[in-house]
Amino acid sequence: MPLTPADLKKVDVQMIRDVAGALEKQATSLGDIKNSFPNLPHVGSWTGVAATAADTELGVFGKLIGAHSEGRQAAAAKMREAADEFEAAKAKLSKVENEAQSKFSIDYAT
C-alpha cells in the first residue's frame, strides 16, 4: 500500500528518532551487562563442575545478550535512516505545497 501525502503529513519524525535513541540506550545497557561478566565475583575463585557449568551458561547468556544488543543497534540505525528519508519527503511535500499556493490544489488522499 503506497504512502499518501496525508500519511506523510502524519509521520512524527522526532518520535522515530526518539525510539532509535531508546534502542541505542538499550543496546549500550545490554553490552555493559555482557562486558561485566568477566568481573563477576566468582570468576577466578570458584572451581569445579558447578563453576564450569555456571561459566558455560554465562557464555551462552552473553552470546544471547550480545545478539540482542547488536539487533537493537541495527534497528536503531535503520530507524535513523527512515527518519532521514521521511524528513526529506516531508520537505519535498512542503516545497510542493508552497509552489501550489493559489495555483493548483493537492489531493492529499492520493
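Here, each number is a calculation from the coordinates, and none is a lab measurement. From a predicted model like this one, the values you see are computed outputs, not experimental measurements. A quick note on method: Cβ atoms are made from the backbone with ideal geometry, for glycine too, and the neighbour counts reach across all protein chains shown.
For the reader, a short list of remarks on this structure follows.
- For the chain, diffusion coefficient by Stokes-Einstein and Kirkwood Rh (Cα), 37 °C, 0.692 mPa s, µm²/s: 185 µm²/s
- When you filter the chymotrypsin sites (Phe, Trp or Tyr not before Pro) in the range 57-110 for DSSP loop state and at most 12 other Cβ atoms inside 10 Å of their Cβ, you are left with Phe104.
- For the residues Leu58, Leu30, Leu40, a GNM of the chain with alpha-carbon springs under 10 Å puts the largest fluctuation on Leu40.
- With respect to the chain, whose longest principal axis is taken over its alpha-carbon atoms, helix 13-36 is tilted by about 10°.
- Separation between Cα centres of the range 27-41 and the range 47-70, rounded to whole Å: 11 Å
- Given charges at Cβ of Lys, Arg, Asp, Glu: the chain dipole, positive-most of Ala76, Ser94, Ile65: Ser94
- Simple spin-label estimate for Lys9 and Asp107 in nanometres, 7 Å along Cα-Cβ: 1.6 nm
- Neighbour net charge for Gly31 - beta-carbon separation under 11 angstrom, K R +1, D E -1: 0
- With respect to the chain, whose longest principal axis is taken over its alpha-carbon atoms, helix 49-100 is tilted by about 10°.
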